[in-house]
Amino acid sequence: MEIKWNGIVGHEREIRRLREMLREERLPHALLFAGPQGVGKRRVAEALAAGILCGREEAPCGGCASCLAMQRGNHPDYYLLEPETAGKAGRSIKIEQVRAMQTEASRMPILSGRRVVLIDGAELMNEAAENSLLKTLEEPVGQVVFLLVTSARASLLDTILSRCMPLSFGMLEQEEVRTVLMQQGISAQQAERWARLSDGSPGRAIQLVQHGGQEMQQKVWEFLEQMEHLSMRQVFVQGKELGELSRDAVGEWLGCLLTLLRDLLLLHLDGGSMLLYHPELRERLLAMLGSFPEQRLFFLVEQVRETQGRLRTNVNLRLLMERFLIQCAMTR
Ligand SMILES: [Zn+2]
């Protein structure tokens, strides 16, 4: 895939700043790309990496040996460090991975004037890995530029943060998300719909589409309709069903429920003159308002958020979802 600045949607200010620094050769040796998940931080970091390695005017030029190697994904001076899945413990970057990177990064560049190391999911470094990286950042060996990408800046050590130039990335506009989705081959009509549900994150929208978002939405909608008559038996049946899904899928399920609850709240607050996530469901949502007074909605939103937070910890999914469903059943 061709890596170029022009293909990136949004983040104009950050991109302008980076291109300027690249042109004027005043890039620091470590940069931190921080911001919400799925907004394109890594794409920007990859374009910068290609630009640093290309070294021509208006880099990346897209045609030199360095740029072609980047496009093929086998540039000898580019090192990508990503979290590895480690069974139940979830994804993490371990010290062995950092050490392997350090050995590689200390070598002389082969094709370009410098080496670039991109660390994606930097917040998933364990403590030992972080400390090891810190040593490298304090005393860089050779011509290396480090690009750290993270969606949880606060989880990184202060000492690491203080050694990196921070760049902060925001959510995209709905229109921009739509453009990204269409670039991915999604039809205009579908792109419109998913962009609305993406909360400014094309990555999230793409995940929704890939995880059968439409089917999931139907299920969540049915759940909301049934919430009135949720028996304890159903709590356990549904809890088991949800507990068997992947962590990501449960996250999507909760996210989807949240959009419906928000729409109900908006309909309460101002009759839904503001933008709804699900305008196509307006009439059906209005018919449900009586069963969902504001107090109850606020409580449910709170429960969803809390459950989303716990989802990130190493908790038993089935128990987590049962607990959540019991809370739902108790609010009526
Ligand atoms: Zn080039």
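The values are calculated or read from the model by the stated rules, or taken from the named source; none is laboratory data. Since the model is a prediction, treat every value here as computed from it, not as a measurement. Please note: Cβ atoms are built from the backbone with ideal geometry, for glycine as well, and neighbour counts cover all protein chains shown.
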Quiz item: For region 135-190, which residues satisfy the criterion of being surrounded by fewer than 17 Cβ atoms within 10 Å (Cβ to Cβ), without any contact (Cβ under 8 Å) to a residue 24 or more places away in the chain and outside the structural domain of Arg114 (by TED's automatic domain parsing)?
Solution: Glu175, Met182, Gln184, Gly185, Ser187, Ala188, Gln189, Gln190
Practice problem: Consider only pairs whose beta carbons are under 6 Å apart and that are at least six residues apart or on different chains; among these, list those whose first residue lies in region 289-308 and is within 23 Å of Gly271 (Cβ to Cβ) and whose second residue is among the acidic types (Asp, Glu) and modelled with pLDDT under 95. | Solution: Ser291/Glu228
Quiz item: Does region 47-60 include one or more residues that are within 16 Å of the ligand (Cβ to nearest atom) and within 25 Å of Glu173 (Cα to Cα)?
Solution: yes
Quiz item: Quick check, is Val149 within 28 Å of Gly55 (Cβ to Cβ) and in a strand (DSSP E or B)?
Solution: yes
Quiz item: How many residues does region 230-264 contain that are assigned to a helix (DSSP H, G or I) and farther than 22 Å from Leu297 by Cα?
Solution: 9
Self-check item: Phe33, sole failed condition from (1) in contact with a Leu (Cβ under 6 Å, 6 or more places away or on another chain); (2) surrounded by fewer than 21 Cβ atoms within 10 Å (Cβ to Cβ)
Solution: (2)
Quiz item: In this structure, does Val117 turn out to be more than 16 Å from the ligand (Cβ to nearest atom), part of a helix (DSSP H, G or I) and under 24 Å from the mean Cα position of the chain (by Cα)?
Solution: no
Quiz item: Do any residues in region 54-65 that are in contact (Cβ under 8 Å) with a residue 12 or more places away in the chain have Cβ atoms under 7 Å from those of residues that are more than 6 Å from the ligand (Cβ to nearest atom) and of a type in the set (Gly, Ala, Ser), where the two are at least six apart or on different chains, and which pairs are they?
Solution: Gly55/Ser112; Gly55/Gly113; Ala59/Gly51; Pro60/Ala47; Pro60/Ala50; Pro60/Gly51
Quiz item: What are the residues in region 63-86 that are among the aliphatic types (A, V, I, L, M) and either away from the ligand (no atom under 16 Å from the Cβ) or assigned to a loop (DSSP other than H, G, I, E, B) (or both), if any?
Solution: Leu80, Leu81, Ala86
